[in-house]
Structure formats: structure tokens, C-alpha cells
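Novice: To start, I am sharing the structure in question, which I have written as C-alpha cells.
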Amino acid sequence: MKPLKPIRIVLLFSFFFVGCGTISRGCAKYFGYDEVCVDGVKYIQFTSGASVKYNPDGTIATCR
């Protein structure tokens, strides 16, 4: 097996980072929004962006 050339490694990582968030935006397209957990904080993903989710009492929603 030949070792990966540096350009192949860069391409591999590029495709990985391009796909980040694609699934959540796809869900938001069909359902209106999607909830995402990042570093213990819940975010609401919309097709055009994201926002922190707040609890009814005004505190930031957390998750595991």
C-alpha cells in the first residue's frame, strides 16, 4: 500500500469539513429547524444560520 500524498490528505480533510452541518441544514429544510448540541449548549439550526436555544425562564439550554 502506497503512503498517502499530502494533497490527498488535504482533500480528505477538506471534504470532511465541507460536510459539517449539512445534515442539520437538510433537516431544517424539511422540518423548519433542527436542534444541535455543541460543547454542552443547545443550538437551533435553521437553513440560513443557527441560534442559541433558550429555556422558558431565559437561561441558555444545555445538553450532554
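Novice: Could you check how many percent of all C-alpha pairs in segment 22-64 are farther apart than 16 Å?
Specialist: Numbers: 316 of 903 pairs.
Value for segment 22-64: 35 percent of Cα pairs lie more than 16 Å apart.
Novice: Sort Arg64, Arg8 by Cβ crowding within 10 Å, fewest neighbours at the top.
Specialist: Working: Arg64 4, Arg8 11.
In increasing order of surrounding Cβ atoms, one gets Arg64, Arg8.
Novice: Please give the length that would be gained between Cys37 and Cys63 if that part of the chain were fully extended, namely 0.36 nm times their separation in residues minus their C-alpha to C-alpha distance (nm, one decimal).
Specialist: Additional length available on full extension: 8.7 nm.
Novice: May I ask you to sort Tyr30, Tyr54 by Cβ crowding, counting other Cβ atoms within 10 Å and putting the fewest first?
Specialist: Tyr30, Tyr54
Throughout, read-outs are computed from the coordinates displayed, never taken from laboratory work. Note that the structure is a prediction, hence the values are computed from the model and not measured. Heads up, the Cβs are rebuilt from the backbone with ideal geometry, glycines too, and the neighbour counts pull from every protein chain shown.
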